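Derivation of every value follows stated rules applied to the coordinates shown; laboratory data play no part. Not measured: the values here are computed from a predicted model. Don't worry about glycine lacking a Cβ; one is built from the backbone with ideal geometry, like all the others, and counts go over all protein chains shown.
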Amino acid sequence: MFIADLDRFRLVEVNQIAWEVVELSSVLETEELIAHLNQTYSKELVLETLKLLADFQDNRLIFCPPSQTSPLVQDENRLRIYVPQGKEAWFADPESISTGTNIALYHTARSLSKFANIYLSGETEGEIAPGIHTVGLSGNELLESPRRFNQKLSRLEVNGILAYQNHRTSELLPFFCNVNLPIVVQNHAPRGHAGQAINTTLLHHALMRPFDALTSPSDSVAKFYSKFVSDTRQFHTNPNGVDAEIFKPMNKSEAKAAITEIVQDKRIEEKLTVGFLSRFQPEKGAHIFIQLAEMHPELLFLVGGRFLLRPSFQQLPDNLIYVGFLPRKQLPTLYNAFDIYCFPSMAAEETFGLTLLEAMACGVPPVVPRFDGLPDVVGDAGVIVSADEFSEDMAGLAAYVSPAELSKGITALLEKGVRHELGQKARDRAVTFTWDNNAKRLIQLFKELNQIKENQRTLPDLSVAFVPHFDAFQNQVENRALLLNLTAFLEAPLQLKRGYIQTIEEGLALTLLKRHTPRQVEAVLTHIFNDTSEAAKVIERVQNFLNTLA
Amino acid sequence: MIRLPRTLQKIYTFEKDNVWYVANLQTGDVLQIDSVTADILALCDTYDNTGVIEKLGPKYSEGQILESLKALGDDVETLLFEPEQNSVLTTKEKLRIFIPHGFMRYKEILSPTTNVGIYNLLAALARYAEVFVEIDNDDLAKEQRDQLTALGIQFVSDLFESTASLTHALNRFIVDDCHGILALSPHPYEELNYFRHNTVPIVSRIYSDRNLRESTINKLLSHQALCRTFDGVCPDTPWIADELSLIKDRRTNSLRSNLSRIEGGHTISNGVDTSVYSPQNRQEAREAVASIVEENSILDSPFVGILNGFEPQNSLGMITGLANLHKDVVFIVFDSILGQEHYQRPRNVFYIDIKQPEDTVALPWVYSACEFIVFPTVIGTSFSMVLEALACGVPGLALISTALTKELTAATLSVPLTRDETTGKFVIPTAIISEQINKLLGNPELRETLSTKARQVAENYSWDKTAQRFVALFTELNTKKAEDAIPKYPDVAFAPYYDKGQNTVRTGATQPDGFFKQRVEEGLAQTLLSNHTPEEVRMVLQYLLQDAGKADRILSTLLP
């Protein structure tokens, strides 16, 4: 006799008494159970069986630990999305999240949970917040046993995987190679890390199947990658959001007073302030911000966030105050203490500027360079100054914005009427960027990708042979690829039974397409031809050929 | 993709809460499956893939069934199914050999002696193994079919409705019931499909047939490239080594040295039926030849036979030269090409055309009519004819080349073969051959000694021995197949990568850990080895790198 544990995918061989104990275990207490079985079995035998079953329980077999609940939510209308990199701790303590990327993912998951069931990797299993579950499933398990991993995903009836891209190239690769579900990769850092971010994006893009997608918070990412890839159709823009109920205009005097209280500098309440909230480092424009402070002694410059400048820069201008790294709940107050928000970031990984949106939501008019995703956020609700984008990244920087240009922008906002008008516009624009919209776009995207997956036609996996061929006329041996006109089903889709001669490159494309995406094959052919257009022609020809037989 | 039918392990399939599971009662594994897979498992030990698709067609789309069959093959084959039948032979078991139909399809382009040789091989093989041939009914007259049936040869068309192509049912039969495939087609690419999607040893026969020079070389090259560790190419003589030596290419050089190495191993000579080919009364034989060539005046002169080489037109100078040097000798040339009208024939040269298998009936008399036979085997000749001549007790005058084995040269006078220093081609030493002709014609005792040796040598080349060697080869390859584990290679991903230092985009290959550690060619080698033989991969790498050494180095890091 066997009992199958359908959560652990294990079969346990049991004897008759163990079988009966298991059947009764959910309705009878131990003593009742012993009494009940006493008519058939001795007490010792029942106890021995209970001990055996306890061992199974210790190994998490047959019995659920009493405190745990099933992660499954039986709501057929909601999508189910697995977020392998989501951290359980974020939902226990959102304050523990620091970087913009993680904040974005946290908010995305949070909003998504209103419309979909979200599954995070976790030590324990259960619902940790409405619609957000942890499951005992991790990327490591995928490496150990893709089959088991996929079975668990299948049991959760997952419709897709939401991941985010960091600069570690290896993290998502096994998912693309082993999991036959739509994968959406959120890309918040398309470059930087000495070129590694670019390489990670290029790798993910090459591995993407037609039913995968890459999202970024602004159009700048697709535009940037059009330099590297010929087809950016799988790049989708999905702007970040802001909680406009938390980040909203407050009484500015009160906000300034609150910050004055923190830094003990009365000038905050007396002067116009220009704010900056991010990592205070060169890539984010820290030095430019310092120069601006020097150029505008009549204004007060406030800096929030981590202070990451080298020690020699500890000596800041008198009119620049480092407020410190405040907890997120105090940020609305800090933003409201700013009269102008200046975000001179030239970081190679700047796609959006979440703090920029938060400042705008607080009604603070922004001044930003025309660089990457920042103009997409600001729109016409702030001052955008010109920037010189580098032809290629220099260390972590991708552009230069002159302090003089930014200074002009700040000066334009010193006029109260303009500042108030743009502040209102900033608020009005910011409230259109909601996390709910972000989640809804993702839901829509997952639905579309599932549809694409469903509509995919199976391409014939034709066998190819690579053989030398003797040309008697030339008295020399050439290399040939032969399309053998035989599928794994031993069918011959074409007329000729004994093979068709193809070029080696075509043969390679045909054979590689069985296990690699078209873009991977295109990359290989580009390497072989040293010519992207020739590679594109071959892959297009081979794909069209296969589509004809699909 | 799994190929059904297959034997299941002890499993139990069940459904709970609309989810299907299969439990392996031996390993304790429980797998979640979809309903399509559950239905397939119920049919899989009875029906092949086509049958399953047909059976489940009303319930699921073909795409769904295909996807599930693919998943069964990819993921869980070893968990649910018994291993595929291992074809290691027991000594008591009679080998079962499948022969695809290509040899019948191209019989028109084979020389009559080759066709006769194939028939003899089948007949002998049927005495030591069960032979299943795939012959379309259109290819065979009823009397021929009856003749083969009488030899014990079986027709797969009697087992399956259609043998138009490699079908599931036929492949299942080959995989489950046969121990080997004997690829007899002269077409270089006709049988390549059999190297895919089955695990049965394949032996590819390479003919020394003058009509097929290019095809034969290409069959050797292509089959050798697709050979797995348990397949073999099997020339009927090592003549092909000479042939390959004329092609300046590293691959043919390497192949040539491999062929030399397997001489006596995978080279299995044809046999000769010494009851048919035996010494005939010389005078009666001479008269028969005179009758064939319709020239009675030749009976006044001694006959010397010439078995022509693979490129007969290249022998024309030699034949004309010998005819001029030996005007008192009649040269009987066994050839169907030089005898054509447009060739100017010296008065003492006569051609015996052998165009149809029926033409070979006269051969014992034609051989016996000759004092001796010249084998100007520059680039090979029909080995069977050499054997036949020797079996008729006719001594030989041979050029030393790999077309003749050492045993055969024991019954001949030999002439060293030289090469042209500029072209590298073999040179026919007409003057030396002429001297040796004089030597043999002037020495009846020498001719008698060689004649006796010729008979003895021929006795060693029976068709029974040929068949037994094929059986031994298939047995050896089946054992090798059981011993050789095919290594599995992890997936490799290819992607463009940005080279910051050079500000350019290149292509790299990554391992599952995601790091661009490999060159594209290294990644290609790794990924291609999953579906292609090392020889195929070597060829691709050599083509891409234009450097054989680099290709070999990459492969050496991956192969066991």
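When N counts the residues of chain B, how does its alpha-carbon radius of gyration compare numerically with 2.2 N^0.38 Å, as a ratio? Could you put the intermediate results ahead of the total?
On the way: Rg = 28.8 Å, N = 560, 2.2 N^0.38 = 24.4 Å.
After normalising by residue count via 2.2 N^0.38 Å, the value is 1.18.
Over the Cα atoms of segment A:262-380, what radius of gyration and what Dmax do you get, in Å?
Cα only, segment A:262-380: 13.3, 38 Å (Rg, Dmax).
So, counting K/R as plus one and D/E as minus one, what does the shell of residues with Cβ under 12 Å around residue A:286 add up to?
Working: positive: A:279, A:284, A:306, A:310; negative: A:283.
With Lys, Arg at +1 and Asp, Glu at -1, the net is +3.
Angle check, please: helix B:168-177 long axis (alpha carbons) against the longest principal axis of chain B (alpha carbons), in degrees 0 to 90, nearest 10.
On a 0 to 90 degree scale, this one is about 80.
Return the long-range amide H neighbours of residue B:155 (sequence gap of 5 or more, or a different chain), with a cut-off of under 5 Å between placed amide H atoms.
Answer set, sorted by chain and number: B:133.
For residue B:499, list long-range residues whose amide hydrogen, built 1.01 Å from N in the peptide plane, is under 5 Å from its own amide hydrogen.
B:504, B:505, B:506
Just name one of B:221, B:386, A:489: the one whose Cα is farthest towards the positive end of the charge dipole of the protein assembly as shown (beta-carbon charges, Lys/Arg +1, Asp/Glu -1).
B:221
If you plug each phi of segment B:231-247 into the Karplus form 6.51 cos²θ - 1.76 cosθ + 1.60 with θ = phi - 60°, what whole-Hz ³J(HN,Hα) values come out, in order, with x for Gly and Pro?
Once rounded to whole Hz, the list reads 10, x, 9, 9, x, 7, 9, x, 3, 4, 4, 4, 4, 5, 5, 7, 9.
Work out the mean other chain Cβ neighbour count within 10 Å for the residues of B:527-534 and drop it here as an integer.
Working: counts 8, 5, 0, 3, 7, 6, 2, 0.
Whole-number average of other-chain Cβ neighbours for B:527-534 is 4.
R0 = 45 Å: FRET efficiency of residue B:449 with residue B:552, Cβ-based, nearest 0.05?
Numbers: r = 50 Å, r/R0 = 1.11.
My answer for the efficiency is 0.35.
In chain B, with Lys and Arg counted as +1 and Asp and Glu as -1 at Cβ, which of these residues, B:361, B:527, B:203, has the Cα nearest the positive end of the dipole, that is, farthest along it?
B:527
Across 5 Å bins from 0, what is the distribution of all Cα-Cα pair distances for segment A:420-550, in whole percents?
2, 9, 13, 15, 13, 11, 8, 6, 5, 5, 4, 3, 3, 2, 1, 1, 0, 0
Loop sites only, by DSSP: take the GluC sites (Glu not before Pro) in chain A that have at most 15 other C-beta atoms within 10 Å and name the longest stretch containing none of them. Don't skip to the end; give the middle numbers.
Values: sites that count: A:29, A:76, A:123, A:157, A:245, A:298, A:415.
Maximal segment without exposed cleavage sites: A:416-550.
Based on Cβ point charges of +1 for Lys and Arg and -1 for Asp and Glu, what charge dipole magnitude is obtained for chain B about its Cα centre, in debye rounded to the nearest 20?
On the way: 52 positive and 73 negative charges, 296 e Å.
Computed about the Cα centre, the dipole is about 1420 debye.
Assign one of three labels to segment A:299-340, namely rounded, prolate or oblate, based on the Cα gyration tensor with a ≥ b ≥ c the square roots of its eigenvalues; rounded applies when a/c is under 1.5, prolate when it is not and a/b is larger than b/c, and oblate otherwise.
It comes out oblate by the Cα gyration axes.
Indicate, rounded to the nearest 5 percent, the antiparallel portion of the DSSP beta bridges found entirely in chain A. Walk me through the numbers on the way to the answer.
On the way: 22 of 60 bridges.
Around 35 percent of the beta bridges assigned by DSSP in chain A are antiparallel ones.
Normalised by the number of residues in chain B, what is the relative contact order in percent for Cα pairs under 8 Å and 6+ residues apart? Working shown, then result.
Details: 971 pairs, mean separation 69.0, N = 560.
That works out to 12 percent.
So who's got an amide H within less than 5 Å of the one on residue B:413, skipping anything under 5 residues away but keeping other chains? H placed 1.01 Å off N, in plane.
So residue B:413 has HN proximity to B:396, B:397, B:398.
Quick one: putting +1 on the C-beta of Lys and Arg, -1 on the C-beta of Asp and Glu, what dipole do you get for the protein assembly as shown around its Cα centre, in Debye to the nearest 20?
Values: 104 positive and 139 negative charges, 389 e Å.
Charge dipole, the protein assembly as shown, about its Cα centre: 1860 debye, nearest 20.
Can you give me the convex hull volume of the Cα atoms of segment A:327-470, divided per residue and expressed in Å³?
On the way: hull volume 31.6 nm³, N = 144.
Looking at segment A:327-470, the number lands at 220 Å³ per residue.
What ranking, highest mean first, results for peptides B:529-536, B:412-419 when packing means the other Cβ atoms within 10 Å averaged over each residue?
Highest mean packing first, the order is B:529-536, B:412-419.
Work out from phi, with θ = phi - 60° and the Karplus expression 6.51 cos²θ - 1.76 cosθ + 1.60, the ³J(HN,Hα) of each residue of segment B:215-230, listed in order in whole Hz, and give x for Gly and Pro.
Rounded to whole hertz, the list is 4, 5, 4, 6, 5, 4, 5, 6, 5, 5, 5, 8, 4, 7, 5, 10.
Can you pull the mean other chain C-beta count within 10 Å for peptide A:517-528? Could the numbers behind the result be given before it?
Numbers: counts 3, 0, 3, 10, 1, 3, 11, 10, 3, 6, 12, 6.
The shielding value for this peptide is 6.
Partner chain Cβ atoms within 10 Å, averaged over the residues of A:171-180 - can you pull that number for me?
Numbers: counts 1, 1, 9, 4, 0, 2, 5, 3, 0, 2.
Mean partner shielding for this stretch: 3.
Using a/c under 1.5 as the rounded threshold, could you call chain A rounded, prolate or oblate? The axes a ≥ b ≥ c are square roots of the C-alpha gyration tensor eigenvalues, and prolate needs a/b larger than b/c, oblate otherwise.
Values: a/c = 2.85, a/b = 1.24, b/c = 2.29.
The shape class here is oblate.
Using helices alone, what [θ] at 222 nm do you get for chain B, with -39,500 (n - 2.57) per DSSP H run of 4 or more residues, divided over all residues and rounded to the nearest 500?
On the way: 22 runs with 231 residues, N = 560.
Value at 222 nm, helices only, nearest 500: -12500 deg cm²/dmol.
Normalise the Cα radius of gyration of segment A:328-386 by 2.2 N^0.38 Å (N = residues in it) and let me know the number.
Details: Rg = 10.9 Å, N = 59, 2.2 N^0.38 = 10.4 Å.
So the Cα radius of gyration is 1.05 times the expected 2.2 N^0.38 Å.
Given just the C-alpha atoms of the protein assembly as shown, how large is their convex hull per residue in cubic angstrom? Present the calculation step by step, with values, prior to reporting the outcome.
Working: hull volume 246.6 nm³, N = 1110.
It comes to 222 Å³ per residue, whole-number rounded.
Treating the beta-carbon of each Lys and Arg as +1 and of each Asp and Glu as -1, no other charges, what is the dipole magnitude of segment A:463-550 about its Cα centre, to the nearest 20 debye?
Computed charge dipole of segment A:463-550: roughly 320 debye.
If you average the sequence gap of Cα pairs under 8 Å that are 6 or more apart and divide by the length of segment B:1-60, what percent do you get for the contact order?
Values: 71 pairs, mean separation 19.8, N = 60.
Result for segment B:1-60 is 33 percent.
What number in nm² do you get for segment A:388-481 if you take the convex hull of its Cα atoms and divide its surface by four?
Numbers: hull surface 63.4 nm².
Averaged projected hull area, Cα only: 15.9 nm².
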